[in-house]
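Worksheet: one structure, shown below.
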Amino acid sequence: MQEITGVIPSLTTPYREFGKHIGEVVAIKGAIHNIRLMSDIAFILVRTAREVVQCVYSEEFSDYRLGGDVVEQAAAKVTGKVVKSETRDGSERYELQIHDIEILSTPAAVPPVVISKKQVVCDLSVNLDNRPVTLRNPKERAVFKLQEGIQRGFREYLQSQNFTEIHTPKINFAGAEGGTNVFKLDYFGKTVFLAQSPQLYKQALVPVFERVFEIGPVFRAEHHDTSRHLNEYISMDFEMGYIDSFTDIMNMETGALKYIMNLLKTEYAPEVELLKAEIPEITSIPCIKFKEAKELCVKKLKNITDMKDFEPEEEAFLGKWAKQQFGSDFLFVTHYLSKKRPFYTMDDPDDPEVTLSFDLIFRGIEITSGGQRIHDYNMQVEKMKRLGMNPEEFETYLMLHKYGAPPHGGLGLGLERLTMHLLGFKNVRYATMFPRDINRVTP
Ligand code: ATP
Ligand code: MG
């Protein structure tokens, strides 16, 4: 009788362990990524889960003879001897002297886009149309490996700070962030909404767990085609109770970002190198009030008409300003106008025109909005009425306030936005595996 033990025997050797096996024969599995035939040898690059391994074929090494079945994108098991390879920069690299290639699967067609070069060279739309294939390119893939590192860092840091990971419903009875960018859905004859954020639920969980976080998709019906908006993106959210000030939330985010950047530099060094990512150094993050930031923008930029919010050019300017003034890639802008923040935002008791809220600007783009929330029942009901909302429609949300909630607040950080500016992309779609925008729902 066969028994399943939960252990998968490891019959292959990851590239990063090659240093321990010099001179030994090991096996790897991966896709034939690129084949370069020379007169008496051939270089065969094999794309494994994280690295591209250079394998060298020569009749000198073994009795194996290269056949016509070794084609790009074939899945293969390659056996060979580990040897040190020559590098121009003197760094430690290894290659395999091929003893055998076993083809495990043969592709039916040649990829529609060349993916075996250093990078995919084509229009963004062609790249996205062929995403299941273009993502195989090591550089494209590295973007999303790095993105995994960002999420992992966020999770690990918050777990270390006693946050509980949650998942909240994506089919909601109301939109949390207001505005018109909410997707309506027919739910057995009833109109419901796709979650614009986990806001209402993460708040409900503060009296339960005190500190909660969620990494998950949110949906925004953006009626425009911009370089920074997606219709579905990954929001990294947290909410924390018993805060003394809304700056506690900014401190928590700063701690998380420091941890994330350090994790990328250490555990994601191959991707950082491949992408030439400039990982920001964070010691502290400067803060400026919205009103002062607006004055700066008005002084320096022309044609500013919206005095209640920032245009992308203003964010870009503030990003440069923070870099010049403080040497910082990040800037917190605080005390946004009450009129421009959602209904759950706490107004500043010293100046009710503004809120105890903030945005974080990273290299000239907003990546986070956050702030303190209203915890008092009467205050929340009043504010809803003032904004023309019907508190009765929010009965289950208001249970939070009605039955007692501590002072609390939190934030939402857009994963793709952060990745985009970490890697210097001009378009957020480069930082999105399968983007959904006004013109695209496939692949
Ligand atoms: P913007 O002003 O840039 O449209 P927002 O203020 O409407 O963004 P928030 O509701 O504050 O967005 O969302 C919190 C964070 O989620 C943003 O700071 C950003 O990182 C990210 N985000 C918001 N909307 C999108 C979107 N459509 N696509 C990608 N990321 C987004
Ligand atoms: Mg915002």
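Have a look at L411, L400, L415, L422 and point out the one that is under 18 Å from M240 (Cβ atoms), aliphatic (A, V, I, L, M) and within 16 Å of ligand 1 (Cβ to nearest atom).
On the way: L400 fails: within 16 Å of ligand 1 (Cβ to nearest atom); L415 fails: under 18 Å from M240 (Cβ atoms); L422 fails: under 18 Å from M240 (Cβ atoms).
Unique residue meeting the criteria: L411.
Go over the candidates V192, V208, V212 one by one and state the one that is touching a residue at least 24 places away in the same chain (Cβ under 8 Å), over 22 Å from D437 (Cβ atoms) and not in a loop (DSSP other than H, G, I, E, B).
Values: V192 fails: touching a residue at least 24 places away in the same chain (Cβ under 8 Å); V208 fails: touching a residue at least 24 places away in the same chain (Cβ under 8 Å).
None of the others qualify; the one that does is V212.
Scan the stretch 22-66 residue by residue and report those that are free of Cβ contacts under 8 Å to residues at least 24 places away in the same chain and touching a Pro at 6+ places or on another chain (Cβ under 9 Å). Quick ask: steps written out before the conclusion?
Let us first name the residues in the stretch 22-66 that are free of Cβ contacts under 8 Å to residues at least 24 places away in the same chain, namely 36-41, 43, 59-60, 63, 65.
Correct list: empty.
Scan the stretch 27-42 residue by residue and report those that are farther than 27 Å from F144 by Cα and touching a strand residue (DSSP E or B) at 6+ places or on another chain (Cβ under 6 Å).
Within the stretch 27-42, R36, I41, A42 qualify.
Among the residues of the stretch 362-385 satisfying the criterion of being assigned to a loop (DSSP other than H, G, I, E, B) and within 21 Å of the chain's Cα centre (by Cα), which is farthest from ligand 2 (Cβ to nearest atom)?
R363
So that you can scan it fast, the table gives a plain yes or no per residue for (1) within 16 Å of ligand 2 (Cβ to nearest atom); (2) crowded, with 21+ Cβ neighbours inside 10 Å:
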residue	(1), (2)
I166	no, no
K184	no, no
Y201	no, yes
E210	no, no
R220	yes, yes
A256	no, yes
E271	no, yes
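Return the only residue of Q97, Q151, Q196, Q159 being outside the structural domain of P217 (by TED's automatic domain parsing) and of a type in the set (S, T, N, Q).
Only one candidate qualifies: Q97.
This table checks each residue for (1) modelled with pLDDT under 95; (2) within 16 Å of ligand 1 (Cβ to nearest atom).
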{"site": "T164", "(1), (2)": "no, no"}
{"site": "H167", "(1), (2)": "no, no"}
{"site": "A174", "(1), (2)": "yes, yes"}
{"site": "G179", "(1), (2)": "yes, yes"}
{"site": "A195", "(1), (2)": "no, yes"}
{"site": "G216", "(1), (2)": "no, yes"}
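Would you say I438 is farther than 28 Å from E210 by Cα and within 14 Å of ligand 2 (Cβ to nearest atom)?
On the way: farther than 28 Å from E210 by Cα: yes; within 14 Å of ligand 2 (Cβ to nearest atom): no.
No.
Name the pairs whose Cβ atoms lie under 7 Å apart, with the first residue in the stretch 119-130 and surrounded by fewer than 15 Cβ atoms within 10 Å (Cβ to Cβ) and assigned to a loop (DSSP other than H, G, I, E, B), the second at pLDDT 95 or above and not β-branched (V, I, T), and 6 or more positions between them or separate chains?
Correct list of pairs: Q119/N137; Q119/K139.
Please enumerate the residues belonging to the stretch 1-43 that are among the hydroxyl-bearing types (S, T, Y) and either assigned to a strand (DSSP E or B) or surrounded by 11 or more Cβ atoms within 10 Å (Cβ to Cβ) (or both).
Within the stretch 1-43, T12, T13, Y15 meet the criteria.
Quick check, is A293 more than 30 Å from P198 (Cα to Cα) and surrounded by 13 or more Cβ atoms within 10 Å (Cβ to Cβ)? Reasoning before the result, please.
Numbers: more than 30 Å from P198 (Cα to Cα): no; surrounded by 13 or more Cβ atoms within 10 Å (Cβ to Cβ): yes.
Criteria not met by A293.
On the given criteria, is Q380 among the polar types (S, T, N, Q), surrounded by 14 or more Cβ atoms within 10 Å (Cβ to Cβ) and away from ligand 1 (no atom under 16 Å from the Cβ)?
When the stated conditions are applied, Q380 passes them.
Might you check whether a residue that is farther than 28 Å from E313 by Cα, free of Cβ contacts under 8 Å to residues at least 40 places away in the same chain and touching a helix residue (DSSP H, G or I) at 6+ places or on another chain (Cβ under 7 Å) occurs anywhere in the stretch 350-373?
no
I'm told G179 meets every condition in (1) closer than 21 Å to L387 by Cα; (2) surrounded by 14 or more Cβ atoms within 10 Å (Cβ to Cβ) except one. Can you identify the failing condition by its number?
Of everything listed in (1) closer than 21 Å to L387 by Cα; (2) surrounded by 14 or more Cβ atoms within 10 Å (Cβ to Cβ), G179 misses just condition (2).
Take L400 and tell me if it is assigned by TED's automatic domain parsing to the domain that holds L296, under 26 Å from F173 (Cβ atoms) and crowded, with 19+ Cβ neighbours inside 10 Å. Break it down stepwise before answering.
Values: assigned by TED's automatic domain parsing to the domain that holds L296: yes; under 26 Å from F173 (Cβ atoms): yes; crowded, with 19+ Cβ neighbours inside 10 Å: yes.
Answer is yes for this residue.
The values are calculated or read from the model by the stated rules, or taken from the named source; none is laboratory data. Please read all numbers here as calculations on a predicted model, not as lab measurements. Methodologically, a virtual Cβ is constructed for each residue, glycine included, from the backbone with ideal geometry; neighbour enumeration extends over all protein chains shown.
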